[in-house]
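Heads up, the thing below is written out as structure tokens.
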Amino acid sequence: MTKTWMALGCALVFSASLAHGAEYFIYRDPAGRIVLSNTTPPPEAEILKRQELQDVSDEAVRAAREREHSFWLALKDEQLAESNRQLAESNYRLAEAIITAAALGETQPGVLVQVATSHGSRFADFHRDRSRPRGRLHGGFRQTRIR
């Protein structure tokens, strides 16, 4: 738990420092604890590291956020394009299978032909999770146990 608070403190200090710029110290206090602070340590503390971070303008922070946002948008666009390519390929294969099944049905009318896809959608799990919870049946059905 202490490590979590220490990591959180480091993250807050360093993220805040990007906008303000200051001098930071990592030191061991007289009780033996490691401290990260932007205040000058007491004289009896052992300074482990001293770091001075430069000021960063609000414009530079804004530009960095815009670059990051653009990066994620481009990544999502690439994923969407790949998904669309796979969907088009799957649709083409399904159309070929339907045409082949129809041709077979004309040549052999007594044969039952079924067409199915083997390539599942990457969004199938998304929709499956929103269905009825398992173990509960629709109101019109009874659950019976077989012994």
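The values are calculated or read from the model by the stated rules, or taken from the named source; none is laboratory data. If you're wondering where the values come from, they're calculated on a predicted model, not measured in any experiment. Here Cβ is always computed from backbone atoms with ideal geometry, including for glycine, and neighbour counts include all displayed protein chains.
For the range 43-66, check the following and say yes or no: at least one residue is modelled with pLDDT of 85 or more, part of a strand (DSSP E or B), hydrophobic (A, V, I, L, M, F, W, C) and touching a Cys at 6+ places or on another chain (Cβ under 9 Å). No, the conditions are met nowhere in the range 43-66. Within the range 34-63, the residues that satisfy the criterion of being surrounded by 11 or more Cβ atoms within 10 Å (Cβ to Cβ) and polar (S, T, N, Q) are S37, N38, T40, Q51.
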